[in-house]
Amino acid sequence: MTSTVLRAPASRPATGAPAWSARACSDSDYDDVLAFFSEPDFFFRTAEPDTRSEWEIRKLVGADTRLLLADDEPAGLYALEGFGGEHGCHYQLHLRLRAAAPNAWWHSAFEEIVRALTWKKELVRLAVQVGEFDGRGLAFARSLGLTEEGTLASVVRHGGQRYGYVFFARIWALTS
Amino acid sequence: MMLRGYRAGDLELLSGTWLSGELLGLPLPNWPVLAEPATVGPPSDETSELCVAPGTGFVRYCDVDWVHRRARLEIGVRREAVDSAELLISAAVAYGFRTLSLRRVYGWVTPATHPPPYLCERAGLQREATIPSAVWFDGRPVPREIWAAVRRD
């Protein structure tokens with residue numbers, strides 16, 4: 001007699017992207033999290049990641065932050081901030097993968113996050129803000145085809161100069 | 001020289017045999033064997049900004065005034081890394097101007113500790129004032145100098 005095991009459908013697109021999973025950051029994950037922030041371009045809620053102290057990193061990685069695992073290996077962080085109340089259907093995404101992650105991973109991670117978010121609730125607007133200094137983030141947002149809505153100039157300082165934040169979004173049609 | 005954010009494992013970089021609060025804290029000779037080393041606490045809020053140079057020491061901006069963009073600089077150099085002191089102070093000043101966007105960086109220099117004056121000068125700092133009997137050191141009150149670098153762009 002064979003038993004049938006119910007499994008979630010494999011979330012592995014044909015692009016060679018890893019199997020994604022995520023969990024809240026526990027104390028035992030903090031070595032990995034601190035290692036992420038030692039990379040000078042790990043722009044997760046900060047424009048100067050590698051000089052942030054441990055206490056500040058713990059503040060940036062709040063209760064809303066999830067550790068992203070690629071094939072069960074820590075690969076990055078993401079957090080979703082809701083806007084406009086429970087029925088606002090508007091979220092801002094903070095997503096960062098470690099420098100070694102190939103570009104294709106960014107796309108598949110983003111789509112998995114969207115899939116999870118839209119599984120249980122309606123999503124109308126998902127916004128992503130990227131610093132003008134963040135070449136990798138800009139390339140990701142543009143190659144993904146997010147709508148580039150404009151730049152809020154001179155809001156953040158990085159490497160001795162002021163930069164703006166470029167606002168990107170994906171908009172879904174309202175269902176009602 | 002690379003400065004990076006503080007981690008719990010860097011604790012030993014935060015203490016040494018230098019005069020507490022010194023702009024460029026270099027290990028002092030004749031430190032009494034029973035005297036506690038100078039120590040700064042790990043960073044824990046936004047009133048100070050502390051980075052470490054692994055194996056070399058720490059750089060701390062304290063009393064940060066984010067409105068007027070000035071802060072007092074403290075550096076501690078490990079005994080085994082005194083040859084890197086010049087690189088560390090230059091990196092510290094550059095970090096203050098570039099990353100923290102400070103306009104004025106200042107700190108205490110105590111002549112009685114015989115600091116090599118060229119180290120501060122090469123990092124762009126100048127002596128601004130001498131304060132008599134400003135600190136107790138080696139059994140007596142000694143003067144302390146304020147040294148500063150001001151960004152003029």
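Among A:T118, A:T175, the order of accessible area from largest down is A:T175, A:T118, computed with a 1.4 Å probe on protein heavy atoms. For the stretch B:1-37, which residues drop by 40 square angstrom or more in accessible area between the chain on its own and all protein chains together (1.4 Å probe)? Those are B:R7, which lose 40 Å² or more relative to the chain on its own. With contacts taken as Cα pairs under 8 Å and at least 6 residues apart, the stretch A:40-176 reaches a relative contact order of 19 percent. The B-A contact accounts for roughly 1300 square angstrom of buried accessible surface, both chains included, probe 1.4 angstrom. 3J(HN,Hα) couplings calculated from phi for the stretch A:29-45 with the Karplus curve 6.51 cos²θ - 1.76 cosθ + 1.60 (θ = phi - 60°) are, in sequence order, 8, 5, 4, 5, 5, 5, 5, 4, 6, 6, 7, x, 10, 8, 7, 9, 6 Hz; Gly and Pro show x. Each residue, A:L117 and B:W136, gets one label point 7 Å from its Cα in the Cβ direction; the gap between the two is 6.0 nm. Take the solvent-accessible surface of the protein heavy atoms, probe 1.4 Å, and return the percent of it on the stretch A:18-171 that carbon and sulfur atoms account for. Carbon-and-sulfur percentage of accessible area, whole number: 50.
Please calculate how many Å² of accessible area the stretch B:4-150 carries per residue, with a 1.4 Å probe and no DNA, RNA or ligand atoms counted. Don't jump to the answer; show the numbers that get you there.
On the way: 7140 Å² over 147 residues.
With the other protein chains kept in place, the stretch B:4-150 gives 49 Å² per residue.
Evaluated at q = 0.10, 0.15 Å⁻¹, the base-10 log of the normalised Debye intensity for chain B, with identical point scatterers placed on the Cα atoms, takes the values -0.32, -0.74.
Mean partner shielding of peptide A:53-64, defined as the number of other chain Cβ atoms within 10 Å of each residue Cβ, is 4.
With R₀ set to 30 Å, the beta-carbon distance separating A:D64 from B:A112 gives a calculated FRET efficiency near 0.05.
Backbone geometry of the stretch A:108-123 corresponds, through the Karplus equation with coefficients 6.51, -1.76 and 1.60 at θ = phi - 60°, to 3J(HN,Hα) couplings of 5, 5, 4, 5, 5, 5, 5, 4, 5, 5, 7, 5, 10, 8, 7, 10 Hz, x marking Gly and Pro.
Which residue, A:H158, A:H87, A:H107, tops the fluctuation ranking in a GNM of chain A built on C-alpha contacts under 10 Å? Per the Cα network of chain A with a 10 Å cutoff, A:H87 tops the list. Computed with a 1.4 Å probe on the full set of protein chains, the accessible area for A:D41 sits at about 50 Å². Looking at the stretch B:4-90, the GluC sites (Glu not before Pro) that sit in a DSSP loop and have at most 12 other Cβ atoms within 10 Å of their own Cβ are B:E46. Surface analysis of the stretch A:45-153 yields an accessible area of 46 Å² per residue, using protein heavy atoms and a 1.4 Å probe. The trypsin sites (Lys or Arg not before Pro) found in the stretch A:95-176 that occupy coil by DSSP, while having at most 16 further C-beta atoms within 10 Å, are A:K121. Mean-square fluctuations from a GNM of chain A, with a 10 angstrom spring cutoff on Cα atoms, peak among A:Q161, A:Q129, A:Q92 at A:Q161.
With R₀ set to 22 Å, the beta-carbon distance separating B:R103 from B:T47 gives a calculated FRET efficiency near 0.75.
The values are calculated or read from the model by the stated rules, or taken from the named source; none is laboratory data. Since the structure is predicted, the reported quantities are computational estimates derived from the model, not experimental observations. Ideal geometry is used to build each Cβ from the backbone, glycine not excepted, and the neighbour counts take in all protein chains shown. To get the accessible areas, we keep the full protein, side chains included, count just its heavy atoms, and leave off ligands, DNA and RNA. Shrake-Rupley method; radii C 1.70, N 1.55, O 1.52, S 1.80 Å.
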